[in-house]
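S.K.: This is the structure I have questions about; it appears just below.
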Amino acid sequence: SADLVLETWDLQCERNGREHRTAEMGSQQLVVRRGQPFTITLHFLGRGYEEGVDKLAFNVETGPCPIETSGTRFHFAVTDFPEESSWSAVVQQQDGELLSISLCSPPNACIGRYSLILETSTGYQGSSYHIGDFVLLFNAWHPEDSVFLRDEDERREYVMSQEGLIYQGSRDYITSTPWNFGQFEDDILPICLKLLDTNPKFLRDQNRDCSRRNDPVYIGRVVSAMVNCNDEDQGVLAGRWDNRYEDGMSPMAWIGSVDILKRWKNFGCQPVKYGQCWVFAAVACTVMRCLGVPSRVVTNYNSAHDTNGNLVIDRYLSETGEEERRSKDMIWNFHCWVESWMARPDLAPGYDGWQALDPTPQEKSEGVFCCGPAPVRAIKEGDLKLKYDIPFVFAEVNADVVYWVVKDDGTQKKSTHSSVVGKNISTKSVGRDSREDITHTYKYPEGSEKEREVFAKAELEKSSLGVEDEGLHLKIKLSDGANNGRDFDVFAVINNNTDEEHVCRLMLCARTASYNGTVGPQCGFKDLQNVSLAPRAENSVPLRVLYEKYSESLTQDNFIKVVALLTDYQTGDIFVAVRDIYIQNPEIKIRILGEPMQQRKLVAEVSLVNPLAAPLNNCVFVVEGAGLTDGQQIKELEEPVEPQAEAKFRLDFVPRQAGLHKLMVDFESDKLTGVKGYRNVIIAPQPK
């Protein structure tokens, strides 16, 4: 019989994309998830495929030098009895010269870009056809995939959702900032694959690297290292924390990962300037979601950076409450990392589930600036010896802070101070714009028997096991919010829980600060030499912080750190209280005009009132939203915005996708930066 000749074929990108939940990555390329069948159609010339006469087989290959032994090349024939543990091809239906074939990868296949080759043979004659490329992703819907997540709402949030909220501010004033993850936007998938192909492990041994891409633990570690550029690798982001960002973008200005990843690719894989922790975490979250691993950004308040691993953060204060830099150990107001969901077959049972990955360059792990994946369960249980980097994350949420007061003669006195580290660990709730507190997944309740057991297992002492009720107590309170452009009051509140009168010295010092704990100049000070405290009474001492004092040195982080120092003359005891005050930016108002429908023009009216006493110059609005705007829309205002006047503009856009989306706005100017706002928009589907 005549040779079987392939005339045309169709990879059915659109249909497969719908079934594999990758349709938003575009219909131009075939993107499928592992372990799930996908269909292609073949059209032969002159005659159809005859079973028993013709043989059909496929080759799939990934990586630069595919070989069967490393799992990067497979040869498999069309058969009626496929094996689930390997690649398979089955005839689905035949209609004359048209043949539908269902292909399926094993659920533990390597992810990445594959080429697909068809081999036909009749008798001794054979031909081979390169019928295209496809990309294989992790599959959170497949029970045999190591990233399998059972709950559909969680899969929708942690794999499919292209926008989210990242928690910032301080533990007493938690704020949320919108973020456009945009993992399905044009070009993002190829950029994420390029990131895997520029990682040093790939460059050292391409075959070995590609053969390990079936393991999300390996991928997570690679991504965690590649998002920062601290290893002379071609990492995505350069970190900077010194408030000098003129030669790049301020970390506060970004509102999404798409812009950052595109810049990285367009500038030949040079690091993008600049990132801080939430930017590193958000970009890593985009890459992991894009590759199919369920991921979320989490924020830890009062996060310890313990450089010497003793789980004690020593801070030194002068007698007037000024911080002295003697220790590299820091307490960050907040610190963000990523959690990715995966099985850990490399560890004993019980450590599957959320894994902490921290792409912010802080400490080296196995010689590289990356951190994790560390099973959150192991952090909670104090299993410090498991892979990877558990002691570092354990310290971030559990270290003790000790404040030492250094007297003029150089002697040091340890102060009394309640436990502060690892509070309100937060992430966006599933399917809602509210905060989910996940502190309990990282630690047992403070002071509980279980907490003591964990510290004993980790061979660590927990020094501050709660402060007794008796004695003197000191805390700092804020009456109302602190708004940018306004003066505000903070109060040192002293409780005398004893039956005697105490006479004390009280010092209050306010300084502008950055979120990583470094402080700037003073913007408020009070020194009261003799405060008398009546028995069983409460005293409240105000400190007024003036806008004219803090405006010059307020960083883009908008923090003011207030330190109170109380010295009891009778006993010599010193009490310290510290509070990070977040200075609130004005609200961005967003109005949507028109009926929100797919492929129909909408107008957004965006405005903000200048709360400062001086005009704002060089005002810029940046707007973006996955599925809503075509990339980033930038509007520069020509005129300065006078005090109490309104900056506003109108944006026309045509939403491409139906469903719930976030329109996100960032506002920049010379005196007010990184102001964020967003609006949820529900886009109705186009009528058929």
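S.K.: Taking segment 508-538 as the search range and keeping residues that are hydrophobic (A, V, I, L, M, F, W, C) and touching a Phe, Trp or Tyr at 6+ places or on another chain (Cβ under 8 Å), which one is farthest from Ser415 (Cα to Cα)? Quick ask: steps written out before the conclusion?
M.R.: So in segment 508-538, the residues hydrophobic (A, V, I, L, M, F, W, C) come out as 508-510, 513, 519, 523, 525, 528, 531, 533-534, 537.
If we keep only those that are touching a Phe, Trp or Tyr at 6+ places or on another chain (Cβ under 8 Å) too, we end up with 508-510, 513, 523.
On the way: Leu508: 16, Cys509: 17, Ala510: 19, Ala513: 22, Cys523: 24 Å.
Among those residues, the one meeting the criterion is Cys523.
S.K.: Between residues in segment 424-441 that are free of Cβ contacts under 8 Å to residues at least 12 places away in the same chain and residues that are among the β-branched types (Val, Ile, Thr), which pairs lie under 8 Å by C-beta distance while being six or more apart or on different chains?
M.R.: Glu436/Thr427; Glu436/Val430
S.K.: Now a separate question. Please go through segment 252-274 and pick out each residue that is in contact (Cβ under 8 Å) with a residue 60 or more places away in the chain and either surrounded by fewer than 22 Cβ atoms within 10 Å (Cβ to Cβ) or not in a loop (DSSP other than H, G, I, E, B) (or both).
M.R.: Met252, Ala253, Gly256, Ser257, Val258, Asp259, Leu261, Lys262, Trp264, Lys265, Cys269
S.K.: Please identify the pairs in which a residue from segment 521-533 that is farther than 17 Å from Val503 by Cα has its Cβ atom under 7 Å from the Cβ atom of a residue that is open to solvent by 10 Å² or more (accessible area, probe 1.4 Å) and not in a strand (DSSP E or B), counting only partners at least 6 apart or on another chain.
M.R.: Listed pairs, sorted by first residue: Pro521/Ser553; Cys523/Lys549; Cys523/Ser553; Gly524/Lys549.
S.K.: Tally up the residues in segment 494-530 that are over 30 Å from Gly275 (Cβ atoms), in contact with a Lys or Arg (Cβ under 8 Å, 6 or more places away or on another chain) and surrounded by fewer than 16 Cβ atoms within 10 Å (Cβ to Cβ), please.
M.R.: 7
S.K.: To continue, here is another question. Name the residue, out of Glu185, Glu119, that is open to solvent by 40 Å² or more (accessible area, probe 1.4 Å) and either in contact (Cβ under 8 Å) with a residue 40 or more places away in the chain or assigned to a helix (DSSP H, G or I) (or both). Don't jump to the end; show me each part of the working.
M.R.: Working: Glu185 fails: open to solvent by 40 Å² or more (accessible area, probe 1.4 Å).
None of the others qualify; the one that does is Glu119.
S.K.: A follow-up question, please. Taking segment 295-308 as the search range and keeping residues that are in contact with a Phe, Trp or Tyr (Cβ under 8 Å, 6 or more places away or on another chain) and either at pLDDT below 80 or surrounded by fewer than 23 Cβ atoms within 10 Å (Cβ to Cβ) (or both), which one is nearest to Cys277 (Cα to Cα)?
M.R.: Among them, the one singled out is His305.
S.K.: For segment 398-428, name all the residues that are open to solvent by less than 10 Å² (accessible area, probe 1.4 Å) and modelled with pLDDT of 90 or more.
M.R.: Hits for segment 398-428 are Ile425, Ser426, Thr427.
S.K.: Tell me yes or no: at least one residue of segment 144-165 is assigned by the TED database to the domain that holds Glu185, in a strand (DSSP E or B) and within 19 Å of Gly220 (Cβ to Cβ).
M.R.: Within segment 144-165, one or more residues are assigned by the TED database to the domain that holds Glu185, in a strand (DSSP E or B) and within 19 Å of Gly220 (Cβ to Cβ).
S.K.: Among the residues of segment 662-688, which ones are open to solvent by 70 Å² or more (accessible area, probe 1.4 Å) and either acidic (Asp, Glu) or over 25 Å from the mean Cα position of the chain (by Cα) (or both)?
M.R.: Asp670, Lys671, Pro685, Gln686, Pro687, Lys688
S.K.: Follow-up. Would you check if Ile331 is in the same structural domain as Val312 (by the TED database), open to solvent by less than 40 Å² (accessible area, probe 1.4 Å) and either touching a helix residue (DSSP H, G or I) at 6+ places or on another chain (Cβ under 7 Å) or modelled with pLDDT of 85 or more (or both)? Let's see the steps before the verdict.
M.R.: Numbers: in the same structural domain as Val312 (by the TED database): yes; open to solvent by less than 40 Å² (accessible area, probe 1.4 Å): yes; either touching a helix residue (DSSP H, G or I) at 6+ places or on another chain (Cβ under 7 Å) or modelled with pLDDT of 85 or more (or both): no.
So Ile331 fails the test.
S.K.: Just for segment 555-583: of the residues that are within 20 Å of Asp527 (Cα to Cα) and of a type in the set (Phe, Trp, Tyr), which one is nearest to the chain's Cα centre (by Cα)?
M.R.: Top of the filtered list is Phe575.
S.K.: Which residues, counting only those in segment 579-631, are in contact with a Gly (Cβ under 8 Å, 6 or more places away or on another chain), under 20 Å from Gln657 (Cβ atoms) and open to solvent by 50 Å² or more (accessible area, probe 1.4 Å)?
M.R.: Arg600, Lys601, listed by residue number.
S.K.: Another one. Identify, by number, the condition in (1) in contact (Cβ under 8 Å) with a residue 40 or more places away in the chain; (2) assigned to a loop (DSSP other than H, G, I, E, B); (3) farther than 30 Å from Asp205 by Cβ that Ser27 doesn't meet.
M.R.: (1)
S.K.: Looking at (1) more than 36 Å from the chain's Cα centre (by Cα); (2) open to solvent by less than 50 Å² (accessible area, probe 1.4 Å), which is the one condition that is false for Trp87?
M.R.: All conditions are met except number (1).
S.K.: Test Asp487 against the stated conditions and say whether it is of a type in the set (Asp, Glu), at pLDDT 90 or above and farther than 30 Å from Arg155 by Cβ.
M.R.: On the way: of a type in the set (Asp, Glu): yes; at pLDDT 90 or above: yes; farther than 30 Å from Arg155 by Cβ: yes.
Against the criterion (of a type in the set (Asp, Glu), at pLDDT 90 or above and farther than 30 Å from Arg155 by Cβ), Asp487 qualifies.
S.K.: For segment 608-623, state whether one or more residues are over 30 Å from Leu546 (Cα atoms), touching a Phe, Trp or Tyr at 6+ places or on another chain (Cβ under 7 Å) and in a strand (DSSP E or B). Even if it seems obvious, please write down each step before you answer.
M.R.: Let us first name the residues in segment 608-623 that are over 30 Å from Leu546 (Cα atoms), namely 622-623.
Those left that are additionally touching a Phe, Trp or Tyr at 6+ places or on another chain (Cβ under 7 Å): none.
Taking every residue of segment 608-623 in turn, none turns out to be over 30 Å from Leu546 (Cα atoms), touching a Phe, Trp or Tyr at 6+ places or on another chain (Cβ under 7 Å) and in a strand (DSSP E or B).
S.K.: Which residues, counting only those in segment 194-224, are in a helix (DSSP H, G or I) and of a type in the set (D, E, K, R)?
M.R.: In the first step, residues of segment 194-224 are kept if they are in a helix (DSSP H, G or I); the result is 194-197, 200-204, 206-211, 216-224.
Lys194, Asp197, Lys201, Arg204, Arg208, Asp209, Arg221 - these are the residues of segment 194-224 that are in a helix (DSSP H, G or I) and of a type in the set (D, E, K, R).
The values are calculated or read from the model by the stated rules, or taken from the named source; none is laboratory data. These numbers come from a predicted model, not from an experiment. Virtual Cβ from ideal backbone geometry, glycine too; neighbours counted across all protein chains shown. Heavy atoms of the whole protein, side chains included, go into the accessibility calculation; ligands, DNA and RNA do not. Shrake-Rupley method; radii C 1.70, N 1.55, O 1.52, S 1.80 Å.
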